Amino acid sequence: MIEVVGLRHDYGNAPVLQIDHWTLARGAVCCVTGPSGSGKTTFLDMLCALRRPTAGTVSVGGVSLAALGERQADRWRGQTVGVVSQVPHLFEWLSALENVEMSSTMARVPASRARALALLDQQGIVHLADQRADRLSVGQRQRVAVARALLLQPPLVVADEPTANLDDLACDDVLEALMKASTEGGTTIVLSSHDDRVKQRIDRRLHLTATVASRGTRRT
Ligand SMILES: Nc1ncnc2c1ncn2[C@@H]1O[C@H](COP(=O)(O)OP(=O)(O)O)[C@@H](O)[C@H]1O
Ligand SMILES: [Mg+2]
């Protein structure tokens, strides 16, 4: 599903990330770990074609991301990747349900309202479907963002520290939804986390190291 070859990223002259070769099979779940500043967000952005590597290639489902122009990349992402960021960006004046349905609107791919409601139900917040986003708690907002990412049953979900700001209950619901997408829908999941609650449940790891001396990656 994902193949990364000779990947490197520098910000100016500062190298932050180097991955020689890494692959992930369809439906697999991988946790990207490493200390703050080790390049986790940079790497996830590259998997979503939000950032271009300095060198090397990333291919997802046979699509080489370097070959996509900016608009093609936006279209590809909308149809292929459910993106969950650490701090959920929601449309504040829209309801929880409307925010979930936004992934369908933006990608111009139809999705049923029943599925959107079922995802909110799975996240334990279907009773908040009509609540405006700006009246939701941090945990509720992250649950909405996960439901939105899963709406179109994308082949890939990329989640950057999705549980970092969540209590145990919300953390469980978010992880459960992602795991279910993998086991039942064959969705490939790449998430970054420092969170032991997450690391305990995911065997596959990609560990990034931050130090210049040992720059590079180690698979555990
Ligand atoms: N837009 C940017 N410009 C310059 N440096 C950046 C930028 N984004 C991140 N960095 C630097 O790159 C390194 C890796 O950052 P990041 O990918 O956010 O790591 P992580 O998510 O593991 O904390 C850090 O040293 C960070 O300061
Ligand atoms: Mg980060």
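The values are calculated or read from the model by the stated rules, or taken from the named source; none is laboratory data. Just so we're clear, the structure is a prediction, and the values are computed from it rather than from any experiment. Positions of Cβ are generated from backbone atoms using ideal geometry, with glycine treated the same way; all protein chains shown enter the neighbour counts. Note: areas computed on protein heavy atoms with side chains; ligands, DNA, RNA excluded. Shrake-Rupley method; radii C 1.70, N 1.55, O 1.52, S 1.80 Å.
Translational diffusion coefficient, Stokes-Einstein: compute it for the stretch 25-130 using the Kirkwood radius over C-alpha pairs as Rh, at 25 °C and 0.890 mPa s, and state it as an integer in µm² s⁻¹. Each step should come with its number before you reach the end.
On the way: Rh = 16.0 Å.
The diffusion coefficient I find is 153 µm²/s.
So, by mean Cβ neighbours within 10 angstrom, what's the order for 56-62, 77-83 with the highest one leading? Working shown, then result.
On the way: 56-62: 16.1, 77-83: 20.6.
Those peptides, ordered most packed to least, come out 77-83, 56-62.
Counting only protein heavy atoms, what percent of the accessible surface of the stretch 87-220 is carbon or sulfur at a 1.4 Å probe? Write out the running numbers ahead of the final one.
Numbers: 3280 of 6520 Å².
With neighbouring chains kept in place, the figure for the stretch 87-220 is 50 percent.
With a/c under 1.5 counting as rounded, go ahead and sort the stretch 97-198 into rounded, prolate or oblate using the C-alpha gyration tensor (a ≥ b ≥ c being the square roots of the eigenvalues; past the cut-off, prolate if a/b is larger than b/c, else oblate). Before the final figure, lay out each step's value.
Working: a/c = 1.74, a/b = 1.14, b/c = 1.52.
Since a/c reaches 1.5 but b/c is at least a/b, the shape of the stretch 97-198 is classed as oblate.
Of 90, 193, 22, whose Cα points farthest to the positive end of the dipole of the stretch 2-219 (charges on the beta-carbon: +1 Lys, Arg; -1 Asp, Glu; origin at the Cα centre)?
Selected residue: 22.
Under the 0.36 nm per residue contour assumption, what length would be gained going from the current alpha-carbon distance of residue 21 and residue 51 to full extension?
Working: separation 30, 0.36 × 30 = 10.80 nm, distance 1.84 nm.
The span from residue 21 to residue 51 would gain 9.0 nm if fully extended.
With +1 on the Cβ of every Lys and Arg and -1 on the Cβ of every Asp and Glu, and nothing else charged, how large is the dipole of the chain about its Cα centre, in debye rounded to the nearest 20?
On the way: 25 positive and 23 negative charges, 117 e Å.
Magnitude of the dipole: close to 560 debye.
Only Cα pairs under 8 Å and at least 6 apart count here; give the relative contact order of the chain as a rounded whole percent. Mind dumping the intermediate values first?
Values: 438 pairs, mean separation 63.8, N = 220.
Rounded, it is 29 percent for the chain.
For a protection proxy built on the mean count of beta-carbon atoms within 10 angstrom, sort 169-181, 198-210 highest first, please. Present the calculation step by step, with values, prior to reporting the outcome.
Values: 169-181: 19.3, 198-210: 16.3.
Top to bottom by mean Cβ count within 10 Å: 169-181, 198-210.
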